[in-house]
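**Q** Structure below; questions to follow.
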Amino acid sequence: MKTLISIICFTVISSWATAAAQDVVKVAPQSFKVLLNNAHVRVLDASIKPRQKIPMLARPNRVLYAITPGTVKLTGSDGKTATQTRKAGEVWWRDADSIAVENTGKKEIHTLVVELKK
């Protein structure tokens, strides 16, 4: 019984540490700035330089708004890649997922990200 409780405690603590480590603001603070954080949403200002890569991270449901145009390569946790080109002013939805992002364009990409907490 003590072993089972120890395993459960270790799993819970590891999950918390992994979640904290996967915070995009902590992993790439040069690219992501928190503008608003409350019980309902976290709003991020994201700027990704040309050829810059953001590592694979678990991300919540979110709405994104392209402030500048750009093209990115997205790599999912399954290894599949997709290229997305967005125009300035475009808005889109992404379900919670784990992805790596690379700016494949020649200009910095500036995006507003609204992460949903509920």
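**Q** Could you work out how much longer the chain between residue 104 and residue 74 gets when fully extended? Use 0.36 nm per residue separation minus the Cα distance between them, nm to one decimal.
**A** 9.8 nm is the gain from fully extending residue 104 to residue 74.
**Q** Another question, then. Mind checking the alpha-carbon convex hull of region 62-107 and giving the volume per residue in Å³?
**A** Measuring per residue, one finds 66 Å³ for the Cα hull of region 62-107.
**Q** Which order do the peptides 61-68, 82-89, 98-105 come out in when sorted by mean C-beta neighbours inside 10 angstrom, highest first? Don't jump to the answer; show the numbers that get you there.
**A** On the way: 61-68: 16.2, 82-89: 11.9, 98-105: 18.0.
The most tightly packed comes first, giving 98-105, 61-68, 82-89.
**Q** Among residues other than residue 25 whose Cβ falls under 11 Å from its Cβ, what is the net charge (Lys/Arg +1, Asp/Glu -1)?
**A** Local charge sum for residue 25: 0.
A short reminder: the numbers here are calculations on the coordinates, not readings from a lab. Please read all numbers here as calculations on a predicted model, not as lab measurements. For neighbour counting, all protein chains shown are included, and Cβ atoms are generated from backbone atoms with ideal geometry for every residue, glycine included.
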